[in-house]
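Only one structure is covered here, and it is reproduced in the block below.
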Amino acid sequence: MHDRTQQSDRPGRKVLTGLAIAAGGGVIALLLEYFVIQPWLAPEKPVPWHSNKAPNAVGSVSAHGDVTHADGRRNVTGVLQDKGDDDKGVLLIFTVDGKEFLRVANTDGANQSVSIDGRFPDTAKNIPVRECLTHQEKAADIEECSDELTIWPQSSL
């Protein structure tokens, strides 16, 4: 008698083929989750920034905080402090892609702080900041500013 059973008809072969397909699908699913889904769902770590790292930083101005990404926006938070007893106000000017976007002023006097809470578009290619000294009561009267410091993205990222 001749054995007419073909190799693909054997139950053991079908089980092994099914297991190989399932394992391959599992590997693809894991790779998809690791490289696509997790970076999309997982929040980014805050990126710290400090304005005194700017070239030609302005004395008596101190600002620091974090840049985070949430809800499709870049969020810049922190504190602006006037560290000088010089009868001047302090100001931060944030720009996005070369255009002024946000000003944060502190005209409360020496050793006073104000909060920074800016929402920037996710499409921003960069977010630089400048420190400035202003007239004590008129934050629009700028007397001196530092060079720009890009706080996002940072070159160390």
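Numbers for the structure displayed
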{"quantity": "Extension gain, Arg73 back to Asp141 (0.36 nm per residue minus Cα-Cα distance, nm)", "calculated": "21.4 nm"}
{"quantity": "Members of Lys83/Lys125; Lys53/Lys88; Lys45/Lys83 lying beyond 25 Å, as alpha-carbon distances in this model show", "calculated": "Lys83/Lys125; Lys45/Lys83"}
{"quantity": "In nm, spacing of pseudo-spin labels at Gln112 and Leu16 (7 Å Cα→C-beta vector)", "calculated": "8.1"}
{"quantity": "Protein accessible area in segment 56-157, 1.4 Å probe - carbon and sulfur %", "calculated": "41"}
{"quantity": "Stretch gain in nm, segment Arg119-Lys53, where the contour uses 0.36 nm per residue and the Cα spacing is subtracted", "calculated": "21.6 nm"}
{"quantity": "Whole-Hz couplings from phi, Karplus 6.51/-1.76/1.60, listed for segment 70-78; x for Gly and Pro", "calculated": "7, 6, x, 9, 8, 10, 10, 10, x"}
{"quantity": "Amide H within-cut-off set for Trp152, under 5 Å, with H built and near neighbours excluded", "calculated": "Ile127"}
{"quantity": "Stretchable slack from Lys83 to Lys45, in nm (0.36 nm times residue separation minus alpha-carbon distance)", "calculated": "10.8 nm"}
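The values are calculated or read from the model by the stated rules, or taken from the named source; none is laboratory data. No experiment lies behind these values; they were computed from the predicted model shown. Here the Cβ is made from the backbone with ideal geometry for all residues, glycine too, and neighbour counts use every protein chain on show. Ligands, DNA and RNA are excluded from the accessible area calculation, which covers all protein heavy atoms including side chains. Shrake-Rupley method; radii C 1.70, N 1.55, O 1.52, S 1.80 Å.
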